[in-house]
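Here is the structure we will look at.
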Amino acid sequence: MKKVRPKKNLGQHFLTDLSIARRIADTVDACPDIPVLEVGPGMGVMTQFLIKKPRPFKAVEIDEESVEYLSRNPAFEALFSEGSNRGLTEGDFLQMDLTEIFGGRPFVLTGNYPYDISSQIFFKMLDNKELIPCCTGMIQREVAQRIAAKPGNKTYGILSVLIQAWYDCEYLFTVDETVFNPPPKVKSAVIRMTRNQRTDLGCDWSLFKRIVKSTFNQRRKMLRVSLRQLLQDPLSLPVPPDFLTKRPEQLTHEEFVLLTNAVHSSCVPVGAQASKLGA
């Protein structure tokens, strides 16, 4: 069969190493007995190992040529068996209603994610965190390092705080650029994010996200400065004296919770009413 042409506009870099594809596919085994959804199967290098696992499996692919390739390849016939717990959907994962994928059942999210939309995929994961107890896959190494980074690390940022609030993050292994067609200009990495035991963050989630994004957008500035875009008088916040002299990369997610509650209970935000702070 004619192979799929990698498309630059879709960020396609097809993995060619079967041993690595199998290792990535096996990362879903940390969360057994629930369905698996693969994003961007391409020519099915990971799919061939995922469909052998005894659980419901579906895939979503935005590229029409890849969908046609998979539908005509006998190796993926199981994806199109009528009445099975398997299936391939042509569409944009970012636009999908995830409650409809497996009838509202939780599932593992996995894939060789396009570099340019991986952060958007993980933000969608957070919006659907009750449906996704485990997310694995391959992304740009820099993004993987950022997700797994701890406070005080220069790579610690927005993704680190927001994801680690709800997930335990593991940087599993690095993947060299030579095992892709075409080779990307950067190295890749495989990660796994597993929902922690937290059911309540202890603050308003919308305001938490707003504060994290606002402060990291001025990450070199102390909190007493970066919070001025949200508050008329950050120095009036009921927090320890030295708290506002810290920079955002020094704060744990628990400290961001403390900060969120302090902001919520205190000042009127610039240009808005206090009741609308978390909007």
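A short reminder: the numbers here are calculations on the coordinates, not readings from a lab. This one's a predicted model, so the numbers in the text were calculated from it and none came from an experiment. Quick reminder, even Gly has a Cβ in these numbers, built from the backbone with ideal geometry, and neighbours come from all protein chains shown.
Per-structure values
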| read-out | value |
| --- | --- |
| Protection-proxy order for peptides 139-151, 61-73, each taking the mean of Cβ atoms within 10 Å per residue, highest first | 139-151, 61-73 |
| HN-Hα J in Hz across region 45-60 - Karplus 6.51, -1.76, 1.60, θ = phi - 60°, x for Gly and Pro | 5, 7, 4, 4, 8, 5, 6, 7, 7, x, 7, x, 9, 9, 9, 10 |
| Under Karplus coefficients 6.51, -1.76 and 1.60, residue-wise ³J(HN,Hα) of region 165-170 in Hz, glycine/proline x | 5, 10, 10, 8, 10, 10 |
| Whether region 61-125 is rounded, prolate or oblate, judged on the alpha carbon gyration tensor where a/c under 1.5 counts as rounded | oblate |
| Label of the coordinate-derived value, percent of Cα pairs over 29 Å apart, listed as (i) 35; (ii) 29; (iii) 39 | (iii) |
| Amide H within-cut-off set for Tyr113, under 5 Å, with H built and near neighbours excluded | Met138 |
| Principal-axis tilt of helix 205-216 within the chain, Cα atoms, nearest 10 degrees | 80 degrees |
| Environment charge at Asp176 (Cβ cut-off 12 Å; Lys +1, Arg +1, Asp -1, Glu -1) | 0 |
| Under-5 Å amide H pairs with Asp168, H placed in peptide plane, nonlocal only | Thr194, Arg195, Asn196 |
| Net charge of Cβ neighbours under 15 Å - reference Val36; Lys, Arg +1; Asp, Glu -1 | +3 |
| Rounded tilt (10° steps) of 118-127 against the dominant C-alpha axis of the chain | 70 degrees |
| Built amide H within the under 5 Å cut-off of Val175, gap 5+ | Ser188, Ala189, Val190 |
| Among Asn128, Thr245, Leu98 - extreme Cα towards positive end, dipole of the chain, charges at beta-carbon | Thr245 |
| Relative contact order of the chain, pairs being alpha-carbon contacts under 8 Å that are 6 or more residues apart, as % | 15 percent |
| Gyration tensor (alpha-carbon) shape descriptor, region 1-131, a/c threshold 1.5 | rounded |
| Note, ³J(HN,Hα) from phi for region 233-244, Karplus 6.51, -1.76, 1.60, rounded to Hz, x at Gly and Pro | 9, x, 5, 8, 5, x, 10, x, x, 8, 4, 6 |
| Potential extension, Glu100-Ser206 segment - 0.36 nm per residue separation minus Cα distance | 35.7 nm |
| Share antiparallel - DSSP beta bridges, the chain, percent rounded to 5 | 55 percent |
| Listed peptides 95-106, 244-255 by packing density, highest first (mean Cβ within 10 Å) | 244-255, 95-106 |
